[in-house]
Every structure is written in C-alpha cells, then in structure tokens.
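Asker: Below: one structure in structure tokens.
The values are calculated or read from the model by the stated rules, or taken from the named source; none is laboratory data. In this text, all values refer to a predicted model and were calculated from it rather than measured experimentally. We place every Cβ from the backbone using ideal geometry, glycine too, and count neighbours over all the protein chains shown.
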Amino acid sequence: MRNGPYILVFLCPIFIGTMSCVEPFEAETQVFENALVIDARLTDEFKRHRIELSRARPFEQETSMAELKATVMVIEDAKNFYDFHEVEQGQYLSVKEFSAKQNSSYELRITTSDGKSYNSEAVTTPEKIAIEDLYVEIETNNSGEEGVSVFLDSRSVTNSASYFRYEYEETYKVIAPYWNPFDFDVIDDKGVGEDGDPFEVGLKPKEREERVCYNTTFSTAINQTATDGLEENKLKRHSIRFISKNNYIISHRYSILVQQHVQNLDAFSYYQSLNAFSSSESVFFENQPGFLLGNISSETNPDEKILGFFEVTAVTSKRIYFNYQDLFPLEPLPPYYINCEPIQEPLLWLPTADTHSFDGTGRSPLIEAIQAGLIKYYATNPDYVETFSIDELNENTRGPYFAKATACGDCNVLGSNIKPDFWIE
Amino acid sequence: MRNILFVFLLLFANFLLAQESSPKISLSYTESTIKDVLKNIEDSTDYKFYYVDEWLGDQKVSGSYQDADLTEVLEDLFQSTILNFYVLDNEKVILTQNNIIYDELPTGFFIKSNQEQIQVTEERDVGGSQNPVFVADERLPQQRNIQTVRIGKETLDGQKRRYTLSGYVRNAKTGNPIPDLSLIIRNRKIGTVTDENGFYEISVPLGENLFETKALGIESQQKRVLIYNDGQLDFNLNESIEQLDEVVVEADKTKNVEEEITGSTTIESEETKDIPMVLGERNILSVATQLPGITNAGEGASGINVRGGKTDQNLFLLDEGVVYNPTHFFGIFQALNPFATKGVDIYKGNVPAEYGGRLSSVFDITTIDGNTEKFSGEASIGPVTGNLMLEIPIVKDKSSLVVGGRGAYSDWILRSLDEESLSNSSASFYDVVANYTHKINENNQIKATGYYSDDSFSITSDSLFGYNNRMLSVNWNHKFNEKNSGALAVSNSKYAFDIGFDGQANNDFLLGYSVEETEAKLKFKYVMNDTHTFDYGVAAKLYNVNPGFIRPTGSESIISPFEVPEDRALEGAIYLSDNITLGDKVGLSAGIRYSYYTALGPSTQRIYADGQPRNQATLIGSSEFDDNETVETYGGPEFRVSGRYSFTPDFSIKAGFNSMYQYIHTLSNTTTVSPIDTWKLSDSNIRPQRSNQFSLGLFKNFKDDLYELSIEGYYKTAEDVLDFKTGAQLLLNENIEQEVLQGEGQAYGVEFLLRKNSGKLNGWLGYTYSRSLIKFASDFAEERINGGEFFPSNYDKPHDVSLVANYKFTTRYSASLNFSYQTGRPVTYPIGQYNFNNSEYVFYSNRNEFRIPDYYRLDIGINIEGNHRIKKFAHSFWNISVYNVLGRANPYSVFFVSEGGEVKAFKSSIFAIPIPSITYNFKF
C-alpha cells in the first residue's frame, strides 16, 4: 500500500465560497454504544509502561469512565509476562521497568472485572531509526500566516520502507508582563458591620515566583509519514509543528521535544484511518467513515467492538530550543495570552444596595476580586482618599489600588513556576 | 371599436332612411390633403365629418366644384382610397374604411321571424345584390396576433361574389421569390401555389379569408385577409430552421403511451433553458434529476443515481462515444455545451439491446446537426461561463460544422472573495465540442464528433488537481434499401486525472490515472413488415486502464517513480431485438444481448487462500499472464423484454424485464463521488456486476395528449456491487482486491409523473417512493458491513417530489419555477466518543443508520426573449434566476473533527443562501 503525502483540507468553500458553508453544531447522541477503549503503547524505552482503559461515552457526557480493576498483562515472545497494576483509576502501570526488544513480539491480554477477556494480535517491535535533524525555519503557511515551522529530517539505514508517527512535547517560558514584587495583603476581610473594623487591604512582598514560569503541553493531532514510495529511505523537512508568529507561546524561549515512533504497517494504517475520519474534510467529498477495526478482539464475543490499538514502537527523540528574539530580531513580542491593557480599580467597600446606609453589611469588591484570584497588584492609587462615610461616597470615589488581571501579574496561571529539569537557558 | 360602431349603426339602419335634398357645395383645391379638404368643407357648410385621422393618409388631391352635391365631391375625393362615407341627418358625414354603411338590412335578414318585413325590404331595391361583409372579432386567442389585411374598397354596386387576389411571395432576408409555396385559405378550403417567380393569383370569396403559407424551410405565416375588392397582397416570409423540431414534437405526442419500453425519457436541451439552475448554467443532467427515479446524493455530489443504482452504473454516451465524467466542478455544472447538445434520451428501465455495460441506465446524448444553409450560432454570457457555438455550412445542403467552446472565468470570483483560506485556491474548467455532419447522398450520412473537457482546481498552494475527458466518434449511417439500414460507430474515449504536489520538502510529485476505451459498433435495422422490426448488431470494445502512477517532480524530489501495471480487457457483445406490433393494442419488444468479457494480459493476478478473508496474510501466490493472454473471462446473456397493451389509444399498460452486466467499476472510498475516483476492470479477483429489473407501468394521456400521466413501479436486484473496507486506500494500490467487497443490491420504487408539454403553463410534477439497499455479508468480520444485513445505500432517499413549471405570459416573457423535496440521505453518524492517545475521537458503528435533515429547495427564474424583428442581427434571450430562493442551508454532510484534542461537530451545505444570477444568450 502506498500513500501520497498529501492531505485534502478545505474547510469552507472554494470558489462558491460565501455560498456554501461549514458550521459547527452541538452533536447529540442518537444511539449510544458502550465500548471498551484500550490505549496501549509499548516502546523500546526502558521504563514502566502505561496502559489506559476507559469506556466510550455519549456526547453529552464530559469525561470518560475509567475501566477499573482489570487484569492487564503483556506477554513477550509468548513466554515473558509483564504484569500491570492499576495505579490510578483506569491507569495501569507495569510493575517492572522493561523495554520492547528489537525483533521480539508482544501480546496484550486484558481481563475486565466482569470477567470478559481481550487479546491483541502479536506485535513485533519495529527497527529503530534515528532523527537526523530537528530544526526551525521562518515560514508562511498555507493560510498566509507567518510563523515558525519545526521540521525534521530522518534517515534510515534499512532498505525496507519505514512508517513514522510523531508526538511532541513543547515547553515554553512565560513571563508575566505586569509582574510586581508586591502582592495584595487582605488584612481585614470583614466590614464594620461584622467585626466593628472597616475592610482593610495592604501590601506584602510576593512569596513565590510569579514572574517566570514554564508550561508544557503535548501534541494531540496524529502526525504520520512514511518512506514508502520514496527513492531513498529518508525524510527531509517533514513538518512537525507550525506556530504562528502571533502565538504567545514563542514569546521568549521555546523548546520542543519530538518523539519519532517507528510503527508497523498495521499500526500506521490504523492511525491513518483514524486521522482521516477525524480531520477537516473537503466540502465536496467525504471519506466513508465506519467502525475502525483495531488489533484487539474479545475472546468472549468476537463481534464486540473494541476501540483502540496495541502499538509497539521504537522511539527516538530530540529536543531543540529557540528564542523569539533570535528568529524575529527587533520585532515586537507576540501579544500576551490575554489583553493586559485594562487597569482595574476595585472599590474597597460599597454601601448596602437597598438602604444606602453604611451599616457595615456592604461588600468589598476589591477583597472579593483578590480572594477569587481575579486580580494582581499593579500600583497604588495616588488619588485615593480614605472614606468610610456614606455622605462622602460619590462618583469620584476611587479604589485604593490599581490592579491587573491575574495572568498579567502572575505567570502561574499559564504554567508552573518550577523550571523543568531539562531546561537550558 | 370600429366593428362595434358598425353594429350599432346597423341596428338603427331602419331609421336612417334616404337623404333629403342637400345643400350645394362650391370649392376648389389643389395638392391638398384629404384632411384639409374635409376641414374646408366643414368650415363652409354645416357638415361635420367623423373619421380616424390615420385613414386619410398623406395623399394629395386636387379638384374644383361649383354647386356640387356633397356626394359627388366626396366620391371623387375618396376615389383612390378605400374609404366609404355615409351622410347622416344631412349634416353628419361618417367615414368608414372598406365597409359601406348600409341604410337597410340585407336580403333575408329576418327571413324566419318576419315575412312581412322581407317583402318591404325587397320592394326597396337600391340596386345590385348586396353581400355586406360582416366581421366579428371571434378569433381564438392564439389567432389574435395574426395580422389582418384589408384588400380593396367595398362598392355598393357591381359587387361580386369573388374577387381576384394576386401578389408575390418573397424571402424576407434575401428578397428572392419563393416558388412552390402553398397558399391555403383555411376557412374556405381553397388554395394555390406560387409559380417560379413567386407570383400567385387566386380567386377569393368576399369577406374574411384566413390565409396560410406553407413551404418546406419557410416559416409558416398566417394572415387574416378581408376581401372587399380585387387587390394585391405580397408576402415576405422568413426561413424556418426549427421546422423539423416541431415535427418531432408532434410525432412524440403519444410516445409516452405507445412506446413498448418502460422507463425512458427524453429531454431536449432547448427545453431546459427556462429552468432555473445554479448560477444560470443550463444543466440537462440536473434537469434529469428532477425526473422520477433519477437522483443524486446532493448538491455538489457528482454522479447520478438511477433507480437505486450506484453512480458508476450509468452509461453516458455522446454521439455513441462514452464520456466518463460529464460534469464540471464536483458535479455542479454539466460538462456539455448546452447549445451544441440537442438532447438526451434516458433509459432507466428497459434499455434497448444495442446498449450495455452499465447496470442502471443509459444517457444517450446527441449533439445538434449543424445548419447547412447559413452561418449561424449561439452565445451566452453568465456569471460563471462564457459560451460560443457556431454552425458553419461547408457544402450547402450537404455538410456543416458545429464548433462550441465554453469556459469558466471563475477564478476572478474566487479571488474576489474576502476569505483568507481561499487565497490560494483556484478552480477553472472548459469544454470544447465539434462535430461535422455530411450528407453524402440520400442513403449515406456521416457524423464525426470530438469532445474534450477539462477541470482543474487547487485547494492549497501546494497541490493542483485536474481531470479531463476526451471523446472522438465517427458515425456512418447507411440505408441499404427501404427495409434495411445500418450504422457503423467508431469511438475512442479517455478519462484521466492527476494531482500535482509542489511543496517545500523533497517530496514533490505528480500522481495520475487514466482509462481509455476504443469501441467499434455495427448496427442494423430491418423493417420486415408492419409487424416486425429487427435491430441487430455487434460491438467490441478495448479497455486500457492505467490504474495509477506517481512520478517525482523537480530535481530535489526523492519520490520514487511507481506505476501500477496497466489493465487491459476486451468487451464484446452481439444483440438482436424485435419490435413486434400486433394490431393497435399489443406491442412487444424482445431483445437479447450476449456480452462477453476477457481480461487480457500482460498481468499479474494474485491468488488468495480459499475460504479466508482477502488480505496480505492470505495472499498465497500469484500467476503471470503474457501479452494478450486471457486472464479471466466472464459473460452471459442479457434479456431486454417489454410489452405494451393499449386499452385505448391514449391508455396503456406496459411491463418489462431487463438484465445487464457491468465489467468496469469505480473505486471510491468517499460517501459521494469525487473526481479522483478510479475505474477498475474486472479481473480474476473482481467479478462483474449483474442486475435484473422488473418494471410495470400505466400510461395515460389526457385532453388530446396535452397531459401525460404515468405510474411506474420497479423491482431491481443486483449482484456483486462493489464497496470497500473501512478506511481503504485505493489510489496506487496494487492489491486493490484486498480492499474490495462485493455484495448484493436491492432497489424498488414507484414513480408518478404528470407532465404537460404545451400551453401557457407547462412542466411536470413528479413523485417517487423508492428504496435502495445493499448488503455485504461474509463469514469474516472484516468483510462484513452492518453485520451482513441489508442497509440503505448513501443515496437512498425514499420520498422525492419535484415540480418544474414554466408559465408564458407572452411570447417574450415567461417565468419558471423549480421545486424539489427529498428525504435526507443516510449518513454514518458516530455513536459515541472516546479518549485515545491524548485526544478525543468519535467512533462509528453501523453504516448509514441515520439521515441528515430533509432536503428542499425552490428556484425561480424569469426569461425574457428578445423581440422577433426580422432585421435584427441576433435573437436574444435573458435569463434571470434565483437558485434556492428560500435560502435553506440544506445539510450536505455531517462530519466530526478532532482538533486540539477535542471533538468538534460540523455540518456543511453547498448552497446555503439564495444565489441570483443573470445570463444573456443570443442566437444569430
């Protein structure tokens, strides 16, 4: 089987453009069929491997139910057994660390708590292929957007065709643009009516790192390629990721770790079909979808539909870093995750709405916003005049502090303030 | 008005008796108009004249009178005109054109009611026999636009029964006399013929005469001629080009009822011009889908489904040559030049034995025969395409060339759209057609046709798709004698597509596919007697399929060139059919066709283990075949039998049985047809498709064939129809049989059609109830679909209503309306979602268990014909239409996308808003 490296993607209209349209809608479940989902992947990495069991769900349900208390094991060459234990709900981790060995075959066996057993076909570990190069280039994509493309080159020494699936993990530095060394300090969050003292908010030095954070996300899309149909068993400029120049994640320093999984043809075809059924389609022709048969079947009921695949891959990975300023020198940074221009000035207290009297039961918008985690200290209001009298309260009354949305002053909203171990400046 | 006045006067005729002595007039005038003279008389006397200015004309008169009677003056004055006068009450003078005002009733007026009166009348002999010319406006509505001509002046004395009318008949354009033209006076049942100089003379009765001219190639003209006296009448007549068409229409009037075969329809291209279509593009194939039994999967779905059959089961023939994809732009436009296309005969029930090779239908499309008389043409300008067709006489009356070209200038529309994702998209298409007809002699005629259509579109900046059709055919019709005739048709067709990829990496390529076929067909007709008419013949066809190739493009590319080896096959057929007429009541058409198919080497055929699903694991070997070696043969008899019984001349019942073989199949893993679907020949692993159809119908014409009503039912079974495993890779797949499933098909339905072909309001109303089911059963799960049970096909739309109506306000203005309603087509809808590999996905179970919402659409159009002035260079035609007036966003498909780890549901519609368009056509 040969696959051209082209994908048909056009979401809206071509030529009759505005006349035809694609619009999103809220899917409703017509008939629901419960099915076991097996997300099982072994690699040639020496580690505790993870297998996840869950149940399919109707559209209306937000999260999937985990499949609990199953017996999970992987059998190597029909003789070595690796047991998996449930460490979290539906998450099964191999008891021992092991790696999928070259030329060995592996079989997955699962017995669910209701006594049904499932077997996978025996899967052989493919040959490992190194990533030759991973690099970025400034590029304009098909939609005319300028940005950074991450490309990969790879070369196999074998003669047979190779099938690849890529995953990546990206980590980027986030710097809060309106970071301030001081934080609000709510001294008295009760009004006069409650404790006899008025509301009081002061300042204190920040207690944790809130300026520089790091965030890590994982790829979600299926990215595949193959060398069949190629003259040489090598890949050049295979696109891993495109990031728009206006995406805040590359504002400072960005790192991507690309994992190259060498797949078997069966696994490759399965993922390819899965991807075809879940990608944007042409308005005019649509792939005929249907149930995608994986490599796991039920011993008890051969007609039972099982979702997922037992995949064994040989993996290599490579990490690169880049700085925005190195790629786009002298250019302004991409816009921050949220708009940080608006300055907020919440009032320290409000009179009770119905009586307009200062009986102390009124609210404090400032303290409420601080406690809800909505704002961060930005500056002190020089025009603020302290008043506790209802008579003096008027339109010109100011809040004691200027504030910004939390994400503008605290990077922890968008990441973690703990620098990852691998991170190199 | 004049006639009413006349009648009014007539009623009082008895009171308007003879004139008393009148005043004398003295006057003289030279070179004055009659009007001035009358004015002069009015000024100098008490007389008052009543007349219409126009009657008097610009004629100059001279005269001199001394104490003359008014009568004398006026008689002289009106001598050279066709005016008569009547003097009322000695002061009022009423002028009349042609007519005389009688001051008494004619002889015999009250013959039955009052004998006495007659006596009185007879005594008053005013002299001469009086035969007044009465003309009442009792013309039928369609006669109202007939010109009325008045000849001569009525005289009171010397009236004759017959007068002599003479004149010349000339060709309006050339001015040449028209000899041998029949002049018929319909209401008198008399007539004459023009001599070689176009001169005629005929003795005609007094009064109203309805003249009609008739000659071959000359437009028939009618004139209402009121004869008052001898006179001359010349005719200037136009040549008529469409006279033959009119004859055809007449002959087909009862075809609905009388034809033996069921399920056949004819659509004339010209007829479809009034029907509103997307962006004003005339589309005979879309019009066909408005007829019962013919549907498509939706707007933007190329391919037509006939009576529950797959899209690859239709044979599109253009002048006997196959056209694989007769559509442009995903099926939205037809790839046929509407001006060069005469029409299409569609066979969806009983297919004549001469055709074969597709299970569901035959679309027999013919191009026009060019004008051998004079250079003429037709052109149109619409929002999408420009079209020009020329008819060029080569040898007068013998041969002619037709050349048509049509192209889309759509790229500008695309570019003008303010849609970022489209900035790199483009789409364009064109088609050209040419034919040459040559009438060698009475018995031999040759027609050669060439056709080419091309589409190209690109969606992303790095890929370009293109597909094209090519067809060449030569037809030689020969008449051996009165009873025997024959025809030889030789054709060659090719369909090809390619995808060019020009990215930024090292994998630029060109991928392509092509299918080519060459056919020779010899057919004969033998009219033995009134009872038997035989059609027989033989056909052979050679297929060459290039199932796919990929080539690197650019020096950088490391794509390795690859080609799936060529497939070749020979398809032959021999047929015989007899049309038997047994009296007026019974007609029978019995045909048999034996088709034979051979897959030819060189070829490698893979062998799979018996009783195992076909996949890489069960592949146990292969066998090699040399050049032209027989790889596999298939074949069998196909029966085409149908009969008619007429209860009355306009009411019949028909029944038929039809069986077919199909040796070439499309491979498609999309829900609707895509231009990159490939055609695959049957081989040792893929069997031909077969079908049987039973049909029964009642046909009735009403009101002198003004209305046609039919109800037809059918039941159809098919074997070895193709489908594919979920997620099949079809392009460049050497082992395609591992992806192919062959199963059963079942379709049945009832079609109702009410049609009105003429009159101010014409059109049709159709309703179809039909089902189309398929079944793929196997012992192995991977080769089963929906558990091996029957399930609805992608185009199973049980209820289908179409209304096409055209209303002619006048000969120039008409409005048309087009309405369709269909049950929503089946779709495969996910039955849940799940998490896998860090993302959400939906999962599908059984195919086609749900339906998208029902489809309905209303289109309206206004058609304005330019006026028919003879001298005008061209005859123009404006078409203003709005497609999808209701602006309904008919869902076309529903799909689910995993984006950013989440499932998103989308629905698409092709024409979601009303689409107005204006098209200008002209003929010259």
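Asker: Of the residues that sit in the range B:716-754 and are under 13 Å from B:Arg687 (Cα atoms), of a type outside the set (Gly, Ala, Ser) and under 34 Å from the mean Cα position of the chain (by Cα), which one is farthest from the other protein chains (Cβ to nearest Cβ)?
Answerer: Filtering first and then ranking leaves B:Val721.
Residue by residue, here is whether (1) in contact with a helix residue (DSSP H, G or I) (Cβ under 8 Å, 6 or more places away or on another chain); (2) within 14 Å of another protein chain (Cβ to nearest Cβ) holds:
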| position | (1), (2) |
| --- | --- |
| B:Tyr841 | yes, yes |
| B:Phe850 | no, yes |
| B:Asp854 | no, no |
| B:Pro891 | no, yes |
| B:Ile910 | yes, yes |
| B:Ile913 | yes, yes |
| B:Pro916 | no, yes |
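Asker: Does B:Val827 fit the bill of being more than 8 Å from chain A (Cβ to nearest Cβ), at pLDDT below 90 and touching a strand residue (DSSP E or B) at 6+ places or on another chain (Cβ under 6 Å)? Let's see the steps before the verdict.
Answerer: Working: more than 8 Å from chain A (Cβ to nearest Cβ): yes; at pLDDT below 90: yes; touching a strand residue (DSSP E or B) at 6+ places or on another chain (Cβ under 6 Å): yes.
Yes; evaluated as a whole, the condition is true for this residue.
Residue-by-condition table, conditions (1) surrounded by fewer than 19 Cβ atoms within 10 Å (Cβ to Cβ); (2) under 18 Å from A:Ala40 (Cβ atoms):
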| residue | (1), (2) |
| --- | --- |
| A:Gln272 | no, no |
| A:Pro289 | no, no |
| A:Leu292 | no, yes |
| A:Ala314 | no, yes |
| A:Ser317 | yes, no |
| A:Tyr321 | yes, no |
| A:Phe328 | yes, no |
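Asker: With the checklist (1) out of contact with any strand residue (DSSP E or B) (no Cβ under 9 Å at 6 or more places or on another chain); (2) at pLDDT below 75; (3) not in a helix (DSSP H, G or I) in hand, flag the one item B:Asn3 doesn't pass.
Answerer: With respect to (1) out of contact with any strand residue (DSSP E or B) (no Cβ under 9 Å at 6 or more places or on another chain); (2) at pLDDT below 75; (3) not in a helix (DSSP H, G or I), B:Asn3 is out only on (3).
Asker: Take the range A:194-232 and flag every residue that is of a type in the set (Phe, Trp, Tyr), assigned to a strand (DSSP E or B) and either farther than 18 Å from A:His261 by Cβ or more than 9 Å from chain B (Cβ to nearest Cβ) (or both).
Answerer: Across the range A:194-232, the qualifying residue is only A:Tyr214.
Asker: How many residues, within the range B:751-767, are of a type outside the set (Lys, Arg) and in contact with a Lys or Arg (Cβ under 6 Å, 6 or more places away or on another chain)?
Answerer: 2
Asker: Scanning the range B:485-519 for residues that are of a type in the set (Asp, Glu) and modelled with pLDDT under 95, which turns out farthest from B:Val564 (Cα to Cα)?
Answerer: B:Asp502
Asker: With respect to B:Ser917, determine if the residue is among the polar types (S, T, N, Q) and under 17 Å from A:Asn287 (Cα atoms).
Answerer: no
Asker: To continue, here is another question. Condition (residue is under 27 Å from B:His665 (Cα atoms) and either buried (at least 21 other Cβ atoms within 10 Å of the Cβ) or away from chain A (no Cβ under 14 Å) (or both)) applied to the range B:556-564: is it met by at least one residue?
Answerer: The answer is no, given that none of the residues of the range B:556-564 is under 27 Å from B:His665 (Cα atoms) and either buried (at least 21 other Cβ atoms within 10 Å of the Cβ) or away from chain A (no Cβ under 14 Å) (or both).
Asker: Can you tell me which residue among B:Asn863, B:Asn818, B:Asn846 is more than 12 Å from chain A (Cβ to nearest Cβ) and touching a helix residue (DSSP H, G or I) at 6+ places or on another chain (Cβ under 8 Å)?
Answerer: Going through B:Asn863, B:Asn818, B:Asn846 in turn, the sole match is B:Asn863.
Asker: A further question follows. Taking into account only those residues within the range B:805-843 that are aromatic (Phe, Trp, Tyr) and in contact (Cβ under 8 Å) with a residue 60 or more places away in the chain, which is farthest from B:Lys760 (Cα to Cα)? Walk me through how you get there before you give the answer.
Answerer: Going through the range B:805-843, the residues aromatic (Phe, Trp, Tyr) turn out to be B:807, B:809, B:813, B:819, B:821, B:829, B:834, B:836, B:841, B:843.
Filter once more, so that each one left must be in contact (Cβ under 8 Å) with a residue 60 or more places away in the chain: B:829, B:841.
Values: B:Tyr829: 47, B:Tyr841: 57 Å.
For the range B:805-843, the residue satisfying everything is B:Tyr841.
Asker: I've got another one for you. Pairs under 6 Å by beta carbon, first residue at the interface with chain B (Cβ under 7 Å from one of its Cβ atoms) in the range A:297-312, partner of a type in the set (Asp, Glu), six or more apart or different chains?
Answerer: Taking only residues 6 or more apart or on different chains, the pairs are A:Gly308/A:Asp39.
Asker: Which members of the range B:271-307 meet the condition of being in a loop (DSSP other than H, G, I, E, B), acidic (Asp, Glu) and in contact with a strand residue (DSSP E or B) (Cβ under 7 Å, 6 or more places away or on another chain)?
Answerer: B:Glu281
Asker: Output yes when any residue across the range A:138-158 is outside any loop (DSSP other than H, G, I, E, B), free of Cβ contacts under 8 Å to residues at least 24 places away in the same chain and of a type in the set (Ser, Thr, Tyr), and no when none is.
Answerer: Step one: of the range A:138-158, the residues outside any loop (DSSP other than H, G, I, E, B) are A:138-140, A:146-155.
Checking the rest, the ones that are also free of Cβ contacts under 8 Å to residues at least 24 places away in the same chain come to A:140.
Subsequent filtering for residues that are of a type in the set (Ser, Thr, Tyr) retains A:140.
Within the range A:138-158, one or more residues are outside any loop (DSSP other than H, G, I, E, B), free of Cβ contacts under 8 Å to residues at least 24 places away in the same chain and of a type in the set (Ser, Thr, Tyr).
Asker: B:Ala905: in a loop (DSSP other than H, G, I, E, B) and at the interface with chain A (Cβ under 8 Å from one of its Cβ atoms), yes or no?
Answerer: no
Asker: Here is a follow-up. I'd like to know if the range A:138-151 contains one or more residues that are under 25 Å from A:Asn295 (Cα atoms) and hydrophobic (A, V, I, L, M, F, W, C).
Answerer: no
Asker: Give the residues of the range A:209-248 that are more than 19 Å from A:Asn264 (Cα to Cα) and more than 25 Å from the chain's Cα centre (by Cα), sorted by residue number.
Answerer: Of everything in the range A:209-248, those that are more than 19 Å from A:Asn264 (Cα to Cα) and more than 25 Å from the chain's Cα centre (by Cα) turn out to be A:Glu231, A:Lys236.
Asker: If a residue must be outside any strand (DSSP E or B) and touching a Gly at 6+ places or on another chain (Cβ under 7 Å), how many such residues does the range B:608-647 contain?
Answerer: The number of residues fulfilling the criteria is 4.
Asker: Here's another thing I want to ask about it. Being without any contact (Cβ under 8 Å) to a residue 12 or more places away in the chain and of a type in the set (Val, Ile, Thr) is the filter here; which residues of the range B:595-645 pass it?
Answerer: Of everything in the range B:595-645, just one residue is without any contact (Cβ under 8 Å) to a residue 12 or more places away in the chain and of a type in the set (Val, Ile, Thr), namely B:Thr618.
Asker: Please work out which residue is surrounded by the most Cβ atoms within 10 Å (Cβ to Cβ), limiting yourself to the range B:661-690 and to residues that are within 14 Å of another protein chain (Cβ to nearest Cβ) and aliphatic (A, V, I, L, M). Walk me through it before giving the result.
Answerer: Taking the range B:661-690 as the starting set, the residues that turn out to be within 14 Å of another protein chain (Cβ to nearest Cβ) are B:666-678.
Those left that are additionally aliphatic (A, V, I, L, M): B:667, B:673, B:676.
On the way: B:Leu667: 22, B:Val673: 26, B:Ile676: 19.
The qualifying residue surrounded by the most Cβ atoms within 10 Å (Cβ to Cβ) is B:Val673.
Asker: Does B:Gly500 meet the test of being over 19 Å from B:Leu681 (Cβ atoms), within 12 Å of chain A (Cβ to nearest Cβ) and small (Gly, Ala, Ser)?
Answerer: Details: over 19 Å from B:Leu681 (Cβ atoms): yes; within 12 Å of chain A (Cβ to nearest Cβ): yes; small (Gly, Ala, Ser): yes.
Taking the combined requirement at face value, the residue satisfies it.
Asker: Based on what the data block shows, is A:Tyr168 closer than 30 Å to A:Ile306 by Cβ and in a strand (DSSP E or B)?
Answerer: Considered against the rule, which asks whether it is closer than 30 Å to A:Ile306 by Cβ and in a strand (DSSP E or B), A:Tyr168 comes out as yes.
Asker: Quick one: what pairs do we get from the range B:496-521, first residue assigned by TED's automatic domain parsing to the domain that holds B:Ile574 and of a type in the set (Lys, Arg), second crowded, with 18+ Cβ neighbours inside 10 Å and at pLDDT 95 or above, C-beta under 6 Å, 6+ apart or different chains?
Answerer: Between residues of the range B:496-521 that are assigned by TED's automatic domain parsing to the domain that holds B:Ile574 and of a type in the set (Lys, Arg) and residues that are crowded, with 18+ Cβ neighbours inside 10 Å and at pLDDT 95 or above, the close pairs are B:Lys521/B:Ala489; B:Lys521/B:Ala539.
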